[in-house]
Amino acid sequence: MSIDKPLHVYAQIYPKALNFTINTTMLKLLPTFAIAIATAALSTGVIATSLAQNSTISYDFTINVTKGSLAGKSFNGSFSYDNSTLKGIGVEELGVTQGLKACFNYLGRNYSESDDRDYPTFPKLVFENGKIKQLDFWLQPEKRVVWWNLPGWEVKYTQRQASAPTVLNCQKR
């Protein structure tokens, strides 16, 4: 039976036929809907799982000092962290208790996160909307200063490739 009249006309003339046609059509479409629903459910599960997986991210950084008493000097370091707790929204901090590892070569000596003046509260890696804003790592006995991208302290950092070792080279000298 083809439907070439308004549906309500067929409903009045052939109520059983229309009921049968609708049910048959719905039954034919059921496997398609089931596949679509299953695909959507699996896709959502894969996306949620991939976001929740632990992943250690590592960066290397270089600081070029262009102003002040250390002008002309360069320092380098690296840090790594587990990104599983980051949401990527607003300001977030990761510290030593969240798995932050840091290494900083300053004036010819390597320092690890445990050398921070206020360890274990610091160092901290600060993010803003999922992007690194600063590494707050302080070695001096004086008042803590956020030196990351301070005028005259140019910081450049690059993420290590996934195949590169995540172990930080911070041997004491």
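The values are calculated or read from the model by the stated rules, or taken from the named source; none is laboratory data. If you're wondering where the values come from, they're calculated on a predicted model, not measured in any experiment. Positions of Cβ are backbone-derived with ideal geometry, glycine not excepted, and every protein chain shown enters the neighbour counts. With ligands, DNA and RNA removed, areas are computed over all heavy atoms of the protein, side chains included. Shrake-Rupley method; radii C 1.70, N 1.55, O 1.52, S 1.80 Å.
Structural remarks
Residue by residue, here is whether (1) without any contact (Cβ under 8 Å) to a residue 24 or more places away in the chain; (2) touching a Gly at 6+ places or on another chain (Cβ under 9 Å); (3) surrounded by 18 or more Cβ atoms within 10 Å (Cβ to Cβ) holds:
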| position | (1), (2), (3) |
| --- | --- |
| V91 | no, no, no |
| N110 | no, yes, no |
| K124 | no, yes, yes |
| I132 | no, no, yes |
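Per-residue answers, yes or no, for (1) at pLDDT 95 or above; (2) more than 29 Å from S69 (Cα to Cα):
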site: F122; (1), (2): yes, no
site: N129; (1), (2): yes, yes
site: I132; (1), (2): yes, no
site: P151; (1), (2): no, no
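- Criterion applied to V65, V145 was being free of Cβ contacts under 8 Å to residues at least 12 places away in the same chain and either more than 23 Å from the chain's Cα centre (by Cα) or crowded, with 17+ Cβ neighbours inside 10 Å (or both), and the one residue passing it is V145.
- Residue in the range 19-28 that is assigned to a helix (DSSP H, G or I), open to solvent by less than 50 Å² (accessible area, probe 1.4 Å) and modelled with pLDDT of 95 or more present: no
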